[in-house]
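Colleague: Let me give you the structure first, and then I'll get to my questions.
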Amino acid sequence: MARALLLTTLLFLSLPALARDREVSFLAMDVWIDSGDQPLAAYQVEIHYDKRTTKIVGIEGGATKAFNGAPHYDAKGMEGGRIVLAAFTKDDEAAPIGNSRVGRIHLQVEGLQEPALSIQLISAATTGGDRIKPKPQFKNSKTEEGE
């Protein structure tokens, strides 16, 4: 009887920890591309994430006139662990130069860990269609001032 009581007590005390591991949180990550001194007219990036714990629940555009609309993407990527985002502008004057927020992804994350995300440039072009190799990166949207 004492053993059953001890087992029940241990199980009861561990329930909050088990529930915490299954907590769901929402997080927004900004997609930034640094094109240096070149205007960014088009980009395509590939994002990888753990589909067992992370789900993309929304995608929106960036902070510049050229990329304020949501980028193009395949909806299957929202739950598949890999998604490709792409956008372009025909307005040469609107193409941003330097480090620009080109999009934002909204994530649903299970558990207490920060999601492991990776981003890789597939292709990018400047006005006129010349290829460039800018640097994409993520930034947590909560840490950005004025956003």
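Colleague: Under 11 Å from a point 7 Å along the Cα-to-Cβ line of residue 138: which residues of region 80-108 have their amide N that close?
Modeller: Label zone hits: 105-108.
Colleague: When Lys and Arg each count +1 and Asp and Glu each count -1, what net charge do the other residues less than 10 Å away from residue 25, Cβ to Cβ, add up to?
Modeller: Once all neighbours under 10 Å are counted, the net charge is -3.
Colleague: Also: Under a Cβ-Cβ cut-off of 13 Å, what is the net charge of the residues other than residue 50 that fall near it, where Lys and Arg count +1 and Asp and Glu count -1?
Modeller: Around residue 50, the charge tally is +1.
Colleague: Restrict the search to region 54-147; then list the trypsin sites (Lys or Arg not before Pro) that DSSP places in a loop and that have at most 14 other Cβ atoms within 10 Å of their Cβ.
Modeller: Of the trypsin sites (Lys or Arg not before Pro), the ones in loops of region 54-147 whose Cβ has at most 14 other Cβ atoms within 10 Å are 90.
Colleague: Using Cα pairs closer than 8 Å and at least 6 residues apart in sequence, work out the relative contact order for region 22-143, in percent.
Modeller: The normalised contact order for region 22-143 reaches 45 percent.
Colleague: Percentage of Cα-Cα pair distances in region 31-140 greater than 24 Å, rounded to whole percent?
Modeller: The answer is 22 percent, as a whole percent.
Every read-out reported here was derived from the displayed coordinates using simple, explicitly stated rules and does not represent laboratory data. Because the structure is predicted, anything quoted here is derived from the model rather than measured. With ideal geometry, Cβ positions are generated from the backbone for all residues, glycine too; neighbour counts draw on all protein chains shown.
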